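Below is one structure, written out as C-alpha cells; the observations come after it.
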Amino acid sequence: MMREGVPVFLQVTDGLEMSPDLRRELIECWVTVTNAGGAAGFPFPPVSIDEVAVVADQLIADLDPERSRFLLTLVDGTLAGWLNVRRNVDPLIAHWGTVHHVQTHTSFRSRGIGAAMMRQVRHVAREEMGLEQLHLAARGGVGLEDFYRRLGWKEIGRWPGALRLAPGDDRDEILMVLEL
C-alpha cells in the first residue's frame, strides 16, 4: 500500500512505455516550470505546449535502456517532477552519464521532490546503468549550484557569461560532477 504524498519513482526506458497521459503531464510540467522562470532547456519564456511537445517527443523517441531514460516522480499518481539521464556509448566516455532537464512541478516545490529525485538518479545510474560518474550543467545566478552541492555534486568549471538570457543578463554555465 502506498502512503499518501510519498514520491514514487518510475523509469521509462523505451518510448513505447510512455503513456499518452504521462506524455501530456511531462509536457505540461515542462511548460509550467519554464514559464515560471525555471532553467529547464527553454531559456526564453513563455513557451507553448506545442513548442515543448516537439522537443519532448524527440526525447521520448530517443529513449533506450542503455543510452537514455526518464526518471519520473509521481505523488499520489500525479507527475511531480522528472529528469533525463543519458550516456554516450562511445567506449572512451561510456562510464559516465549526463543529467538533463531536472524539473519539479511548481505545485510540488519545497517538498523535497527535487532532492529525492536526484538521490534516486544516483542509484539508477550506478546500479542499473553501471555508470561511475554523472555530469550536469546548471545555469548560474539562480542558486542551482548550491542545491546540487548539498547533494554531493562538485563544481568542476564555469563558462563565464556563456548564457545570454537578455541584453545585459549574461549567466555562467556551471559544470558539475557526481562520483558514483
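The values are calculated or read from the model by the stated rules, or taken from the named source; none is laboratory data. Bear in mind the structure is a predicted one, so any value in this text is a computation, not a measurement. All Cβ positions, glycine included, derive from the backbone under ideal geometry; neighbour counts span all protein chains shown. Remember, those area values only see protein heavy atoms, side chains included, never the ligands or the DNA or RNA. Shrake-Rupley method; radii C 1.70, N 1.55, O 1.52, S 1.80 Å.
Per residue, how much accessible area does segment 129-180 show when a 1.4 Å probe rolls over the protein heavy atoms, in square angstrom?
Computed with neighbouring chains in place, this is 55 Å² per residue.
On the principal axes of its Cα set, how long, how wide and how thick is the chain? Give whole Å, largest value first.
Principal extents (Cα only, largest first): 49, 39, 31 Å.
Given N residues in segment 1-63, what is its alpha carbon radius of gyration divided by 2.2 N^0.38 Å?
1.25
How much length, in nm to one decimal, is gained on full extension between HIS100 and GLU127, taken as 0.36 nm per residue of separation minus their Cα-Cα distance? Walk me through the intermediate numbers first.
Values: separation 27, 0.36 × 27 = 9.72 nm, distance 1.89 nm.
Result for the pair: 7.8 nm of gain on full extension.
Quick one: what are the phi-derived ³J(HN,Hα) couplings along segment 25-34, Karplus 6.51/-1.76/1.60 with θ = phi - 60°, whole Hz, x for glycine and proline?
The phi angles translate into 5, 4, 5, 4, 4, 4, 5, 4, 5, 4 Hz.
Mean separation of Cα pairs under 8 Å and 6+ residues apart, divided by the residue count of the chain: what relative contact order is that in percent?
It comes to 19 percent, rounded to a whole number.
Suppose R0 equals 22 Å. What FRET efficiency, 1/(1 + (r/R0)^6) with r the Cβ-Cβ distance, do ASP146 and ALA166 give to the nearest 0.05?
For ASP146 and ALA166, the calculated efficiency is 0.40.
Can you send over the carbon and sulfur percentage of the accessible area for segment 57-96, probe radius 1.4 Å, protein chains only? Could the numbers behind the result be given before it?
On the way: 950 of 1770 Å².
After summing per-atom areas, the C and S share lands at 54 percent.
Kindly identify segment 99-156 as rounded, prolate or oblate by the Cα gyration tensor criterion: order the square roots of the eigenvalues as a ≥ b ≥ c, call it rounded if a/c is under 1.5, otherwise compare a/b with b/c, prolate if a/b is larger, else oblate.
Numbers: a/c = 2.05, a/b = 1.27, b/c = 1.61.
Oblate, since a/c reaches 1.5 and b/c is not below a/b.
ARG158 label point, 7 Å along Cα→Cβ, cut-off 13 Å on backbone N: hits in segment 112-150?
It comes to 138-146, nothing else.
Could you pull out which residues in segment 69-93 have an amide N less than 12 Å from a spot 7 Å beyond the Cα of GLU4, following the Cα-Cβ vector?
Taking a point 7 Å out along Cα→Cβ of GLU4, the residues of segment 69-93 whose backbone N falls under 12 Å are 76.
Where Rh is the Kirkwood radius over the Cα pairs of segment 37-86, the temperature 10 °C and the viscosity 1.306 mPa s, what D in µm²/s does Stokes-Einstein return?
The Stokes-Einstein estimate is 128 µm²/s.
Work out the charge dipole of the chain with +1 on the Cβ of Lys and Arg and -1 on the Cβ of Asp and Glu about the Cα centre, then indicate which of VAL55, GLY141, PHE44 is farthest towards its positive end.
GLY141
Using protein chains only and a probe of 1.4 angstrom, how many square angstrom of VAL12 are accessible, to the nearest 10?
Accessible area of VAL12: about 0 Å².
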